[in-house]
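Let me begin by presenting the structure, written as structure tokens, before commenting on it.
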Amino acid sequence: MTEREQQIFQLIKQDPMIPQQDIADKLGISRSAVAGHIMNMTNKGIILGKGYILSESQYAVVIGGANMDILGQPQQAMHQGDSNPGVVSCSPGGVGRNIAENIARLGTEVRLISVVGNDTYGQLIIDKTRLAGVDVSLVMKLSDGTTSTYLSLLNEEGDMQVAVSDMSILDKLTIESLEPHIEVLKRAEVIVVDTNLSESVLEYIFSQFADKPIFVDTVSSTKSVKIKPYLSHIHTLKPNIKEAQSLSDLPHHNADDLETIADWFLNQGTQRIFLSLGEEGVFYKDAQGSQHFPTVSTDIKNANGAGDAFLAGLVHSYINKWSVERSSEFAMAAASVALSDVATINPNFSENAVKRVLNEAEC
């Protein structure tokens, strides 16, 4: 589906009897444009008949953090202990939410389970995420907490120097709040979790949905240790090398150590591991073998969103049943697209944008 079709799909899903004019008003386009999109969606088999009967497509469910990102970047080299002229921006973020938006922008149906406060930031996150094509009907809006906020400071080259996060509201995403969504989770093609979730919620997900492919974003070295007891339940794991070392207690001095670290995870029962090596690319291993995938060259504007885009690329590839090699190359190109814009999520991020990067890399 195109981005506009995804937006129309979500509106129809919420109200199957919604008039075309109401869709047009909500999206700021003409009624005739809506009619054209609906005709295309009918031809594609997305809409099955009158009354907007929607086909039951394969989808991913992402469970994780949703917060407001406040990002500052100086124009020149950072002067510690002083005010630095630069640019400050504010946009919806959160590892889980970012992964969900990137998945939607790639054209895969995705549903987000998260929690926000009943405040301006919370409503903005819901509205912006919905417009990106994510089903946000399972996002809880609570009055007894404030929306999570993530404050990060980059250097002049776009690399993160320090960050502060206030994600206490995510503790209110409990087992009890997940239980009404069991059927949605059971029907999902893939479940994605980030380690911002509480240990009790992670344990519940891994035990209740052990038969589902579960993809995990480790978020940070500190938070990654939460998943150590459940490595045998993980289908796809994407840690960076520091997070992998925190989990395995193994050293990393050279390329041979990557095999040793990856083997440790496979011996714990993890099916696939993608070790992020920063500028050196990604090291992949599963039971069939291992391979190193180099980075795709790009002008780095902001490194914050690359990991989220990479995992989204893996989810999109898995649902499309692509080979490991194609999946890895696609995910690397997705990360490259994310790196090329100052925003955590590149507004031009799409499957076509990723494919263009792949085509350019082959030339």
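The values are calculated or read from the model by the stated rules, or taken from the named source; none is laboratory data. Quick caveat: nothing in here was measured; it's all calculated off a predicted structure. So basically every Cβ, Gly included, is an ideal-geometry build from the backbone, and we count neighbours across all protein chains shown.
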Residues ILE8, ILE12, ILE18, ILE70: which one is farther than 30 Å from VAL357 by Cα, of a type in the set (A, V, I, L, M, F, W, C) and not in a loop (DSSP other than H, G, I, E, B)? ILE12
Being within 20 Å of GLY93 (Cβ to Cβ) and surrounded by fewer than 14 Cβ atoms within 10 Å (Cβ to Cβ) is the filter here, so list the residues in segment 342-356 that pass it. PRO347, ASN348
All strands (runs of 3 or more DSSP E) inside segment 257-322 with 3 or more residues being buried (at least 16 other Cβ atoms within 10 Å of the Cβ): 272-276, 282-286
Going through segment 334-363 in order, the residues found to be under 26 Å from ALA66 (Cβ atoms), in contact with a helix residue (DSSP H, G or I) (Cβ under 6 Å, 6 or more places away or on another chain) and assigned to a helix (DSSP H, G or I) are ALA334, ALA335, SER336, VAL337, ALA338, LEU339, ALA353, VAL354
Residue count, segment 77-123 (criterion: in a helix (DSSP H, G or I) and surrounded by fewer than 24 Cβ atoms within 10 Å (Cβ to Cβ)): 3
Of the numbered conditions (1) within 14 Å of the chain's Cα centre (by Cα); (2) at pLDDT 90 or above, GLY305 fails exactly one; give the number of that condition. (2)
Per the list (1) under 26 Å from GLN10 (Cα atoms); (2) assigned to a strand (DSSP E or B), residue check on ILE126 breaks on (2)
Lone qualifier among LYS355, LYS301, LYS321 - being on the phi > 0 side of the Ramachandran plot and out of contact with any Lys or Arg (no Cβ under 8 Å at 6 or more places or on another chain): LYS321
Just name the residue that is surrounded by the most Cβ atoms within 10 Å (Cβ to Cβ) out of those in segment 203-224 that are assigned to a loop (DSSP other than H, G, I, E, B) and in contact (Cβ under 8 Å) with a residue 40 or more places away in the chain. VAL219
Can you find, within segment 11-20, the residue that is surrounded by the most Cβ atoms within 10 Å (Cβ to Cβ) among those that are within 21 Å of LYS128 (Cα to Cα) and under 29 Å from the mean Cα position of the chain (by Cα)? ILE12
Residues of segment 21-39 satisfying the condition of being assigned to a helix (DSSP H, G or I), more than 15 Å from THR129 (Cα to Cα) and among the aliphatic types (A, V, I, L, M): ILE23, ALA24, ALA33, VAL34, ALA35, ILE38, MET39
